[in-house]
């Protein structure tokens, strides 16, 4: 090993040596504090935008259509990479390209966020029930996929207060492929308990709410409901309930944050 260490020594910048080393001290340039603050905010917003587009996006559940798995007031996190990216992955859905890139098909039973097909703007959340090529139908309050009744097992039947004593039935439903989750309905005889058979076109998905008698979903045609959801409209997969508050909590009333909090739902991984 060579002993010639001096030839590899770094070059010293004379301007930055101490004054007793013979160099002149460098004068600091005055900084524009306003510009620095603007740059900090800009970079923070840019990082947040990149994370929102590529990785995660938070959503608030505004209705009861996904009970008993998601409640109004739940704050959820959606993974954006699960199904790849489309123009709807970005704020305001700019028409910069069509279709999906790095696309991955959703699995039957996923809870998915998507843009409502009739306006391509409103965020909806439902469960993926029908895949491209499937035939989906409700017959006497029983879900059928490709002519086969989906197995469900009643787990509870409780009286729902405030609904004229109407009974709420909860059941564990198992989809083809093995995905099992809890659904909820008000028993037979409701509007969407019997439907025609829906053929799911290529590149589309059939979505349903877990609260079967309180959900406007793919069972209702597109002009009034959801209809078939194009794969381009998928935003991401719901992964976890981050936080949760009872309806009535207000951002402008900090007292309501504590009186309406639901800590038992925090960090709950979604089925």
Between residue 167 and residue 251, what is the spin-label point distance in nm, taking each point 7 Å from the Cα along the Cα→C-beta axis? 4.3
Once both label points are put 7 Å beyond Cα along the C-beta direction, the residue 107-residue 140 separation in nm becomes 3.3
When the chain is fully extended, how far beyond the present Cα-Cα distance does residue 40 get from residue 223, taking 0.36 nm per residue of separation? 61.4 nm
Sites residue 264 and residue 56 - FRET efficiency at Förster radius 22 Å, r taken between beta-carbons, to 0.05: 0.45
At R0 = 41 Å, FRET efficiency that the Cβ-Cβ distance of residue 92 and residue 179 yields, to 0.05: 0.80
Taking R0 as 22 Å, what's the FRET efficiency between residue 118 and residue 194 from their Cβ-Cβ distance, rounded to 0.05? 0.35
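Computed from the coordinates by the stated procedures, all read-outs in this text should not be read as laboratory data. This is a predicted model, so every value here is computed, not measured. Note: ideal-geometry Cβ built from the backbone for every residue, glycine included; neighbour counts use all protein chains shown.
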